[in-house]
Amino acid sequence: MYKLLIADDDEWIREGMRRSIPWEEGGIRVVGAAKDGQEAWDLIQQAKPDILLSDIRMPFMDGLQLAGLVKAHGLDTKVVFLTGYDDFSYAKQAIGLQAFDYILKYEDNAKVLKAVRQACDKLEEERAVVEKDRKGHGLMVNKFYSDLISGAGNEATVERDSKLLDISFCGSLFGAAAIRMDGVERFLKPNKSEDLELLLFSIKNVCTEVLALQVNGECQAQVVHYNHRINLLFNLGLTDAERFRVEAKRISLAVLSAIEQFLKIKVQIGIGSPGEGIKHIPFSYEEALIASQMKGMANEQGIIFYEQVKHSNNSHQAILKKVTDYIAAHFHNENLDLKEVAETVHITPSYVSTLFKKYNDINFSEYVIRVRMDKAMELLVHTDLKAYEIAESIGYPNTQYFSALFKKYTGLTPMEYRQQHRK
């Protein structure tokens, strides 16, 4: 329903229009009727009507002055003037004040309703354009911060884009946080990616409202939808790392509490280390992701700093177990690669590769081959499957490639291996 305010010093006209015109049939609700311009202005500030249907000549403040106030205060209220036969000399002024239309006071009800309804249609059209622009700007801002987190771009492009988007930083100390959700299955239907996006949208809205109340001149925080999750990017005007931890924890606790209160979702927030300059942001985010995955290491409030886990072999082994469990469940997929596996634990492929080399003394691709070959050896000994069937079942649709790889790995062809190891 669009809100309409009627202003006219003639009570008969004012009340007649309010009561006799079927406004609701046009999706319009009358929110007030004023007897002069000053009363109308007071009602406009209170009720914020979409449409003002106003007489031009009124005491205390006439319709033109009233329209001037509407325009000066940046309101998008559409103004439709009511005129008498001798008021057309005001038409040029009305147009200058961006009045939508003007009609004779004594037109029949259908024409008055039509004029107001057309004003509603125009307002809806203009608001749609504004909303599209707002969303477009929001997407560009989110892309800007996403690029900072991913490490895309350089200082020159960041400086250029921040000016274009009217973004400024309060200092040179940056750090990131990652939010991990628990128990959200009840919100999601199988194969319904839009359910997850809707949930993330809700979390982002809650975070945005919280940050509006929590940030100050010395500490900025931005909500960033990136990597299929909601993240926080902190920027401090001070270079004190301890102060960063205090502020990051304060804001994160407020975010965590609001999410759990309004969305009934348990979350854990991992916070990366602070560092100088935008180049540090990707490293801090990587740390935040790792920290967010560490179940059982967060404090009772659900906050965990990377510094608490960076020297912990247990934390690295937990990540590796998730990776190896995923490989064990998906080795039959011929397109299984490092990028896909890394996405399941929300850390970069390079970090997964680093952990493999550090703890397994083998790289990722070699590990996948080993898992597949071990499975092939098992199937050769314990089943009667043909070589091509085994090859396909472990992710190698090309039988010749599988046979060559198997011989390189075991020193035997698949058939030789079966003959030697069957009792």
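The values are calculated or read from the model by the stated rules, or taken from the named source; none is laboratory data. Note that the structure is a prediction, hence the values are computed from the model and not measured. Neighbour counts are summed over all protein chains in view; Cβ atoms, including those assigned to glycine, are modelled from backbone coordinates with ideal geometry.
When Tyr359 is tested against (1) out of contact with any His (no Cβ under 9 Å at 6 or more places or on another chain); (2) among the aromatic types (Phe, Trp, Tyr); (3) surrounded by fewer than 18 Cβ atoms within 10 Å (Cβ to Cβ), just one condition goes unmet, and that condition is (1). Checked against the criterion of being assigned to a strand (DSSP E or B), within 17 Å of the chain's Cα centre (by Cα) and surrounded by 23 or more Cβ atoms within 10 Å (Cβ to Cβ), the candidates Ile203, Ile269 yield just one match: Ile269. Of all the listed residues (Val224, Val255), the sole one being modelled with pLDDT of 90 or more, more than 20 Å from Phe144 (Cβ to Cβ), crowded, with 17+ Cβ neighbours inside 10 Å and within 20 Å of the chain's Cα centre (by Cα) is Val255. Contact map, the range 290-319: first residue assigned by TED's automatic domain parsing to the domain that holds Ile269, second residue modelled with pLDDT of 75 or more and among the aromatic types (Phe, Trp, Tyr), Cβ cut-off under 6 Å, separation 6 or more or different chains; pairs are Ala291/Tyr306. Within the set Glu209, Glu247, Glu242, the sole residue that is surrounded by fewer than 17 Cβ atoms within 10 Å (Cβ to Cβ), in a helix (DSSP H, G or I) and over 19 Å from the mean Cα position of the chain (by Cα) turns out to be Glu242. So in the range 102-144, with the set limited to residues that are among the hydrophobic types (A, V, I, L, M, F, W, C) and surrounded by fewer than 16 Cβ atoms within 10 Å (Cβ to Cβ), which one is nearest to the chain's Cα centre (by Cα)? The residue in question is Leu139. As a summary of the residue check, Tyr226 satisfies the conditions (1) touching a strand residue (DSSP E or B) at 6+ places or on another chain (Cβ under 8 Å); (2) among the hydroxyl-bearing types (Ser, Thr, Tyr); (3) touching a residue at least 24 places away in the same chain (Cβ under 8 Å) except for the one numbered (1). Quick check on His316: is it over 25 Å from Glu260 (Cα atoms), part of a loop (DSSP other than H, G, I, E, B) and modelled with pLDDT under 90? Taking the combined requirement at face value, the residue does not satisfy it. Pick from the range 44-60 the residues that are surrounded by fewer than 16 Cβ atoms within 10 Å (Cβ to Cβ) and in contact (Cβ under 8 Å) with a residue 24 or more places away in the chain: which of them is nearest to Cys120 (Cα to Cα)? By that ranking, first place goes to Lys48.
Taken over the range 370-407, residues that are surrounded by 16 or more Cβ atoms within 10 Å (Cβ to Cβ) and of a type in the set (Val, Ile, Thr) amount to 4. Checked against (1) more than 30 Å from Gly275 (Cα to Cα); (2) small (Gly, Ala, Ser); (3) at pLDDT 90 or above, Ser146 passes all but a single condition, namely (1). Looking at the structure I just gave you, is Leu165 in contact (Cβ under 8 Å) with a residue 60 or more places away in the chain, over 30 Å from Gly26 (Cα atoms) and within 19 Å of the chain's Cα centre (by Cα)? Answer is no for this residue.
Consider Lys339 carefully, then state whether it is of a type outside the set (Ser, Thr, Tyr), under 30 Å from Ala152 (Cα atoms) and in contact with a Pro (Cβ under 6 Å, 6 or more places away or on another chain). Here the answer is yes, as Lys339 does meet what is asked.
What are the residues in the range 16-43 that are in a loop (DSSP other than H, G, I, E, B) and surrounded by fewer than 16 Cβ atoms within 10 Å (Cβ to Cβ), if any?
Filtering the range 16-43 for residues in a loop (DSSP other than H, G, I, E, B) gives 21-22, 27, 35-36.
Of everything in the range 16-43, those that are in a loop (DSSP other than H, G, I, E, B) and surrounded by fewer than 16 Cβ atoms within 10 Å (Cβ to Cβ) turn out to be Pro22, Gly27.
For first residues located in the range 411-423 and closer than 19 Å to Ile394 by Cβ and not assigned by TED's automatic domain parsing to the domain that holds Ala387, partners that are modelled with pLDDT of 90 or more and of a type in the set (Phe, Trp, Tyr) and lie 6+ apart or on another chain with Cβ distances below 7 Å do not occur.
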